[in-house]
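Derivation of every value follows stated rules applied to the coordinates shown; laboratory data play no part. As the structure is a prediction and not an experimental result, all values here were calculated from the model. Cβ atoms come from the backbone with ideal geometry, glycine included; neighbour counts cover every protein chain shown.
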Amino acid sequence: MSLKIVVLAKQVPDTRNVGKDAMKADGTVNRAALPAIYNPEDLNALEQALRLKDRFEGSTVTIVTMGPGRAAEIIRESLYRGADNGYLLTDRAFAGSDTLATSYALSCAIKNLPEVDVIVCGRQAIDGDTAQVGPQVAEKLGLPQITYAEEILDVKDGKITVKRRLERGVEVVEGKLPILITVNGSAPDCRPRHAKLVMKYHHAKTVTERQEQNDDYMFMFDKRPYLNITEWSVNDIQTDVNWLGLKGSPTKVKAIENVVFQAKESKRLAGKDTEIDELMKELIANHTIG
């Protein structure tokens, strides 16, 4: 049995380096002001996809990501780790999309792919923390979904078995293919880059990147088709532009407030039992604990 696996991945701003210029006046993220990284939980999802590929001979892993031209780096990172190909959805009409518009674009893109058995993605992205895109894509495609997955255990007889990590325990559930699965950050970390794959895909580029760079390696793209990263615009995936971008996003940011945490009084303890007892009594008295 071979599987057609799609991974929905996102390039996100590194929220560890958020400054005063992180947001624009319209309430959208100023991505140009922040370093871009691979969304952490999407890497967990990629690892689950690659494990399925390892287990079932002939399976393929396709990356689908939406963003500006630089988001092609997400696809290259995935190729370095074992993915087979990727599609970049990039168009000015996508800019400012909330979860509803994003899931619409992604679902349209998936409809333009060959038959898909399993779609995996991270539980949520660190720039929005909504955990909505995955379930919304499943809803738009009419697929069953399993969320909070920690491990894909087995695929057999058209069904997939998944271990879920919930707030108060673990459960094992079964779903029918095709299906969408969102993966927790508690899932195994993604494998590192493979040196041979880095050498193979180092010059993989989109059409736009090739046109902008016009380097000495242009001859390779005809001889080595695997170096071509596919770019799709709104027209390529047959979308209604009224459902995309700010126009198609009902979520509106009304105000942004910068909160600065300031330290208050502090206490230093020498580690004596009497000091610890006094601290515990104080914390209980002011209802910090207990």
*Just grab the label-to-label distance for Leu166 and Thr208, each label 7 Å out from Cα along the Cβ direction, in nm (one decimal).*
4.2
*Cα-Cα over 20 Å, subset of Lys4/Lys176; Lys10/Lys159; Lys156/Lys176; Lys10/Lys200*: Lys10/Lys159; Lys10/Lys200
*For the chain, what is the mean residue ellipticity at 222 nm derived from helices alone (per DSSP H run of n ≥ 4: -39500 (n - 2.57); sum divided by total residues; nearest 500 deg cm²/dmol)?*
-8000 deg cm²/dmol
*State log₁₀ I(q)/I(0) for region 4-243 at q = 0.08, 0.15 Å⁻¹ as given by the Debye formula over alpha-carbon point scatterers of equal weight, solvent excluded.*
-0.29, -1.06
*So what are the three principal axis dimensions of region 35-157 from its Cα atoms, in whole Å, longest to shortest?*
41, 31, 27
*Any idea which of Gln132, Leu283, Phe56 is furthest toward the positive side of the dipole for the chain, if Lys and Arg beta-carbons carry +1 and Asp and Glu beta-carbons -1?*
Phe56
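Express in nm, to one decimal, how much length is gained between Asp84 and Glu115 on full extension, taking 0.36 nm for each residue of separation and deducting their alpha carbon distance. Write out the running numbers ahead of the final one.
Values: separation 31, 0.36 × 31 = 11.16 nm, distance 1.57 nm.
Between Asp84 and Glu115, full extension yields 9.6 nm more.
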*region 179-199 and region 29-102: distance between their alpha carbon centers, rounded to Å*: 11
*asked:* Quick check for me: using +1 on Lys/Arg Cβ and -1 on Asp/Glu Cβ, what's the dipole size of the chain about its Cα centre, in debye to the nearest 20?
replied: 260
_Compactness of region 101-155 as Cα Rg over 2.2 N^0.38 Å, two decimals_ = 1.16
_Relative contact order [Cα under 8 Å, 6+ residues apart], the chain, whole percent_ = 22
*Label-to-label distance, nm, for residues given as Ser2 and Val241 (7 Å Cα→Cβ offset)*: 3.9
*Once amide H atoms are placed 1.01 Å from N in the peptide plane, what residues at a sequence separation of 5 or more from Ile146, or on another chain, have their amide H within under 5 Å of its amide H?*
Leu180, Ile181, Thr182
*What FRET efficiency do you get for Lys156 and Ala195 if R0 is 35 Å and r is their Cβ-Cβ distance, rounded to the nearest 0.05?*
0.55
